[in-house]
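In what follows, a single structure is set out as structure tokens and then discussed.
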Amino acid sequence: MQPESPTWALRRLNYWAILVLVALAAADGLDTALRAADEILAAARRRGAALAVASTSAMRAYVALRGGDLIAAQADAQAAIDLAPDLLGAEFPLVLAVSAAVLAGLERDEAPDSLRRLINRTGARYDEEFLPSGSLRYASGVLRAAAGNHEAAVEELRSCELGHPGFGGQNPATLPWRSAAALSLTELGRHGDARLLAAEEVRRARSFGAARAIGAALRAQAIVGPATERAETLEAARAVLAPSPARLDLARVLVDMGATSRAAGRRTAARQPLEEGLELAARCGARTLERRAREELAAIGVRPRSTGRDGADSLTPSERRVVELAATGGTNREIAQTLFVTEKTVETHLGRSFRKLDISSRRQLPEVLARAAG
């Protein structure tokens, strides 16, 4: 038997590490998953193991997305995407990173066309040999729905069921494709099919037991179900999500609750969940949801204060990565080695970041980033 090459051994290690982190994230152990990813990432950077850095960065993006930290998700996804072209065996992190970048981008109000170009430009593709490929199918299906192509969205989302069960083909805690497909089916007027899928998602989510999966499934069931049951089902989703780490999912439910009350003429009841949802959406950097919350508040005569686009929210993913490392005390040379870029690139990103953050020293970075994180 031929000995396994170092590259394939590393890829096998990456697979197992990713699967462990996916399991933690699916069970809502986001803090534990992030701590583990940070330890793996620090060790990989010390070794100069670019493939492990790319894989772990992609996984951090996946975890950050689930927790609603969209800016961090974009930064980590971009780190993996930037490294992937020069690495042998980078299909694994590339698929995961592009999936996270697409889903975070949609929440950040990026145009579906530009996100489709991201998929095409990076060359990310579905491949049954790579377990996270189902995440790309899911992200692509959600992207088609955002572009208004619901027939294609349903077809692509349903194909997620064919994926490897180890990466979510059956478990909505990993890939909630049934909920997404149900929403598109409702847009197509296929209410019966939508409700069957949503009910199945709720059943599977409850069987697994993770709060984020249950809350998201209940939200979809509320939206596609009878209007007379919507408020009660949304309240059930809110109760499940409130103590969970899924801030963005909770924000969606709160805005839906407010919109439901507003549509029923209960303007006073609509205000609190809309304002709470708006605040959470802004903290997550979820511009699409934030805009919807503002529109709903305007419909009941409330004008909330503006949340500006300056500061940490305006940093690009690459700038975010650099300032986070600088905030922990990294020198320009250390940051360049960590990110596999030149020192000149680090200097450029820091200069732009300082102007956006309105600071003059890296000593100010920890306080600015902590304030932005809420």
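List of remarks:
- E155 being open to solvent by 20 Å² or more (accessible area, probe 1.4 Å), farther than 26 Å from R283 by Cα and not aliphatic (A, V, I, L, M): yes
- Filtered residue count, the range 159-197, keeping only those that are more than 23 Å from P93 (Cβ to Cβ) and modelled with pLDDT under 95: 3
- For the range 78-110, filtered to residues that are under 17 Å from A312 (Cα atoms) and assigned to a helix (DSSP H, G or I), the residue that is most open to solvent (accessible area, probe 1.4 Å) is Q78.
- Taking the conditions (1) modelled with pLDDT of 85 or more; (2) out of contact with any Ser or Thr (no Cβ under 6 Å at 6 or more places or on another chain); (3) charged (D, E, K, R) in turn, D76 satisfies each one other than (2).
- Hey, A173 under 18 Å from the mean Cα position of the chain (by Cα) and not in a helix (DSSP H, G or I) or not: yes
- The residues listed here are A23, A44; of these, the one that is aliphatic (A, V, I, L, M) and farther than 21 Å from T328 by Cα is A23.
- Residues within the range 122-137 that are at pLDDT 60 or above and crowded, with 21+ Cβ neighbours inside 10 Å, tallied: 7
- Being under 22 Å from R333 (Cβ atoms), open to solvent by less than 30 Å² (accessible area, probe 1.4 Å) and either touching a Lys or Arg at 6+ places or on another chain (Cβ under 8 Å) or not in a loop (DSSP other than H, G, I, E, B) (or both) is a description that applies to A75.
- Subset of the range 239-269 [assigned to a helix (DSSP H, G or I) and farther than 28 Å from R66 by Cβ]: R262, A263, R267, T268, A269
- Candidate set: the range 183-221, residues that are open to solvent by 10 Å² or more (accessible area, probe 1.4 Å), outside any helix (DSSP H, G or I) and of a type in the set (G, A, S); chosen: the one farthest from A259 (Cα to Cα): G209
- Failed item in (1) under 26 Å from A270 (Cα atoms); (2) of a type in the set (A, V, I, L, M, F, W, C); (3) modelled with pLDDT under 95, with I214 passing the rest: (3)
The values are calculated or read from the model by the stated rules, or taken from the named source; none is laboratory data. Since we're looking at a predicted model, the values are computed, not measured. For neighbour counting, all protein chains shown are included, and Cβ atoms are generated from backbone atoms with ideal geometry for every residue, glycine included. Heads up: the accessible areas ignore ligands, DNA and RNA and are worked out on the full protein's heavy atoms, side chains in. Shrake-Rupley method; radii C 1.70, N 1.55, O 1.52, S 1.80 Å.
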